[in-house]
1. Can you bin region 73-183 into rounded, prolate or oblate? Criterion: square roots of the alpha carbon gyration tensor eigenvalues sorted a ≥ b ≥ c, rounded for a/c under 1.5, prolate for a/b above b/c, oblate for the rest.
2. At 0.36 nm per residue, minus the direct Cα-Cα distance, what do Asp265 and His338 gain on full extension? Give it in nm, one decimal, please.
3. What does the accessible area per residue of the chain come to in Å², with a 1.4 Å probe and no ligands, DNA or RNA counted?
4. Dipole size in debye (nearest 20) for region 166-309 around its Cα centre, Lys and Arg Cβ +1, Asp and Glu Cβ -1?
5. Please name whichever of Thr158, Gly384, Val206 sits farthest to the positive end of the charge dipole of the chain, dipole taken about the Cα centre and charges placed at Cβ: Lys and Arg +1, Asp and Glu -1.
6. Pairing the Cα long axis of helix 121-152 with the longest principal axis of the chain, what angle in degrees results, from 0 to 90 and rounded to the nearest 10?
7. May I ask which residue of Asn483, Ser101, Pro400 lies farthest towards the positive end of the charge dipole of the chain, with charges of +1 (Lys, Arg) and -1 (Asp, Glu) on Cβ and the Cα centre as origin?
8. Arranged from highest to lowest average of other beta-carbon atoms within 10 Å per residue, in what order do the peptides 464-476, 295-307, 485-497, 412-424 appear?
Amino acid sequence: MRLIWRYVRPYRRFILAVMLIKLLGTGTDLLMPYVLEHLLDHVIPAAENAWPVVAWGGVMLFLTLITRVLNITANRMSVKVARNSTYAVRRDLFHTALNLSGRQMDQVGLPSLISRMTSDTYNVQNFVRMIQTMGIRAPIMLLGGIAITLTMDTGLATILCIMAPIMIALVTFVSWKGIPLYNEVQKRMDALVRRMRESITGIRVVKALGKEPYEQRRYGEANARMTSQEVKASVIMSLPGPIVTLFLNVGLTLVVLVGARRVNDGQTAPGVILAFLTYFNMILMGVMGLNRIFMMMSKANASANRIGEVIDLPEDLTPLPAEQLAEAPGEGMLIFDHVSFNYDADAPEELHGQFLGEERQQCLRDISFRVPRGGSLGIIGATGSGKTSIINLLMRFYDPQEGHVFVDGRDVRAYEKDDLHRKFGVVFQNDVIFADTIRENVTFGRDVSERMLVSAAKDAMARGFVEAYEDAYDHEAAIRGANFSGGQKQRLLIARALAAEPEILILDDASSALDYRTDAELRKAIREHHGNATTVVIAQRISSVLSMDQIIMLHEGEMIGRGTHAELMASCPEYRDIYRTQMSEEVS
């Protein structure tokens, strides 16, 4: 709940106004049965004509209008507070998500992050809205109804005083039990979102292999697990409702029986009994309102804790002070100095085996190389050999457990994040085209002129198909670039990397969907027009790295070869085997 208070605190005066208005509205509502009792027992018997009755009827109408106006005003104001505070929660949660380190993102998980930004914030918003209105109305209806009935008939009111504490205790106890249940519901929601995201993202594979029933079954199993937990939580939290209703109906029956006898004996007026029945309904509404509040509080508390787990994560991978930094061992734009790295080395033990695999394997072991300014490096190796891990360390998405990484003569841990990333133009494996224009996908909010945009598209071999569209660079891309072919998407991604004329260009398997001729033309254009950039090319296709100044060959996290193409052909049997296999396939 501390997180919720943190975000509603700026609106505390506004919330106080809402509560005061709601208090007045509930107070006028409570007066209605009292006025009705006065009208029936005192005004009508003593009236000599209709005017006193009409006047008191006017009072009741006025109270009704005032009640409605005050309640509507309070409800509208509470919605505004809930909307604005939840907007701030979503904003900060999204900001935190954008700045999570690679390790933090691995630990939180993308599906969990999505559910925290959607269903969890929705639960918080509902609670903030409800607590401002129902949080005042429900207890005032309950306590006010009991207080007024005590002034009307102490004997009948005693029945309420006996039952009310029992009902409140029951609601409180069940709500306390409900908090861990809703925590588990949200965890299973994470698993459901994860399953749905995997199925939708891979929909083409699912359709191509005719595995729709298989995916439906897997999704159904995750959905059933979440639904069963949600039903369990809902059943527990809904128990007070029928029990409270039973108690109140028993009390209502007792009031009618006892009241009828008292009226018959002349001890109580008939209007009092009618008012008591109305107050009983109000008290029932108050208790049920408290039940709803506690139910929403249980959900909101579980959701707020999950949101706080992300928002309150400490900023990771910040620049380190100079005394903790290493000096570059010589000249070079990019330097790896005896680097060893493992993705889950610093992960909490509770995540080990559950999310990150049973065995902790070293991804990179004792990697050393240097690339001079304007030089080029090719990285080749089998899937899982650690190629992309090198890029993750260069851009400081992670820090190595051993060794040091240097960019432009400085330890990467010395840079502010934006200053470091500004040096890079990068195409990642399975990179993303956003649902926006081609222009926005390439410029991506950076200071890129029209000349730089067109030049980047030309060098990436994308200008031809882009300018063939009637609206050219203003052509809309579908979600994930679904209206482009694989080769067109890769060329747009390469144009994005080239557009800002970076100091360091990284292409991680960026030409896998291009034919050999286009790939060769692309490499030629990069050499001619971006020769000053330090280039790192990761590829499965050996022809993409043949012209690099140096090539490193990785195998299961170890560097088993380094040198030019000719040097590796002479010294590295694994490289030689890959070359002969791929070249023979190309010729055939």
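The values are calculated or read from the model by the stated rules, or taken from the named source; none is laboratory data. Since the model is a prediction, treat every value here as computed from it, not as a measurement. Heads up, the Cβs are rebuilt from the backbone with ideal geometry, glycines too, and the neighbour counts pull from every protein chain shown. Side chains are part of the model used for accessible areas, which takes the heavy atoms of the whole protein and leaves out ligands, DNA and RNA. Shrake-Rupley method; radii C 1.70, N 1.55, O 1.52, S 1.80 Å.
1. oblate
2. Full-extension gain reported as 16.4 nm.
3. Ligands and nucleic acids excluded, the result is 50 Å² per residue.
4. 540
5. Most positive-ward Cα: Thr158.
6. 10
7. Value: Asn483.
8. Averaged packing, sorted descending, gives the order 295-307, 485-497, 412-424, 464-476.
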